[in-house]
1. If I ask for residues that are assigned to a strand (DSSP E or B) and either more than 15 Å from residue B:43 (Cα to Cα) or touching a residue at least 12 places away in the same chain (Cβ under 8 Å) (or both), which ones from segment B:76-104 would you list?
2. Only residues that are in contact with a helix residue (DSSP H, G or I) (Cβ under 6 Å, 6 or more places away or on another chain), within 25 Å of residue A:19 (Cβ to Cβ) and more than 13 Å from every other protein chain (Cβ to nearest Cβ): list them for segment A:77-86, please.
3. With the structure loaded, tell me whether residue A:73 is within 18 Å of the chain's Cα centre (by Cα) and closer than 30 Å to residue B:98 by Cα or whether it fails that test.
4. Of all residues in segment A:87-113 being within 14 Å of another protein chain (Cβ to nearest Cβ) and surrounded by fewer than 11 Cβ atoms within 10 Å (Cβ to Cβ), which is nearest to residue B:36 (Cα to Cα)?
5. When the residues of segment B:100-110 are narrowed to those that are in contact with a helix residue (DSSP H, G or I) (Cβ under 9 Å, 6 or more places away or on another chain) and more than 9 Å from chain A (Cβ to nearest Cβ), which ends up farthest from residue A:94 (Cα to Cα)?
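The values are calculated or read from the model by the stated rules, or taken from the named source; none is laboratory data. Here the structure is a predicted model, which is why all the values come from computation and not from measurement. No Cβ is skipped: glycine too gets one built from the backbone with ideal geometry, and neighbour counts run over all protein chains shown.
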């Protein structure tokens, strides 16, 4: 790459402008705060699953799980948008990102469903593999976080990725039940994510005063 | 053949291409604005102002230039009582930006080391 090549410089500048614009979504910590809250909620679900004995209560809880995931995701998305509208956009401006195409969203949903079904089938055939579920959570979460960290170049996402992989693997090696491991894993990762988001939001609010004070 | 003194030199074919670059986008401030808008669906005036480091007047005039070229669509709206100027790259603007990048790359690729 020749630094005197005007197209190299142009490409660098274009990449930097694109990166800054994409990173803007994460700069205030609001999204992490809401996603962390969602993870804590999932952790609480596992706490309830761990504490409620087998029976009608446990069956009702199992039915609640998809509702909790979908409802929690929708609530976290709405909360993120509302918080950004109230706190971030008046200070540093509004940005709307292109939504993934319907085809891509369908592909993601189908892929998630296939992975879920394969995991369930694998555990049904080889129950001893159940002990490795926390490790799968850990590495899957870490993979997603590392992809995001690489795209927007944010070190704190890499830290969360390593924490996630480490926690998942550690819980698998400890041999806890899926419910107990889920309670610990999602609560710990949720709290860590929310704490990172809260610190980032605090710093952001200090650096970007409200419009009347700016 | 030597050029005659006083006559304007003929540009070489590859360099001649350079003079055909899209001047609306080529201006550095406008290139920055178009690049930022290329990465998103839309952004407001405040975001562009902070990220570009331009003055309000400068940003406004560059946006007007891009709007009159049909590259940027500007919508003035309100969120509550706060006025909001939303800017987005039009399909033509996206196409022009891609063409600009390709054009510049092509020109530079033809130059000797």
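1. B:82, B:84, B:85, B:86, B:87, B:88, B:89
2. Matches in segment A:77-86: A:80, A:83.
3. So residue A:73 fails the test.
4. This residue is A:98.
5. Across segment B:100-110, the extreme among qualifying residues is B:110.
Condition check ((1) more than 28 Å from residue A:20 (Cα to Cα); (2) modelled with pLDDT of 85 or more; (3) exposed (fewer than 14 other Cβ atoms within 10 Å of the Cβ)) across all residues:
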{"residue": "A:138", "(1), (2), (3)": "yes, yes, no"}
{"residue": "A:161", "(1), (2), (3)": "no, yes, no"}
{"residue": "A:174", "(1), (2), (3)": "yes, yes, yes"}
{"residue": "A:179", "(1), (2), (3)": "yes, yes, no"}
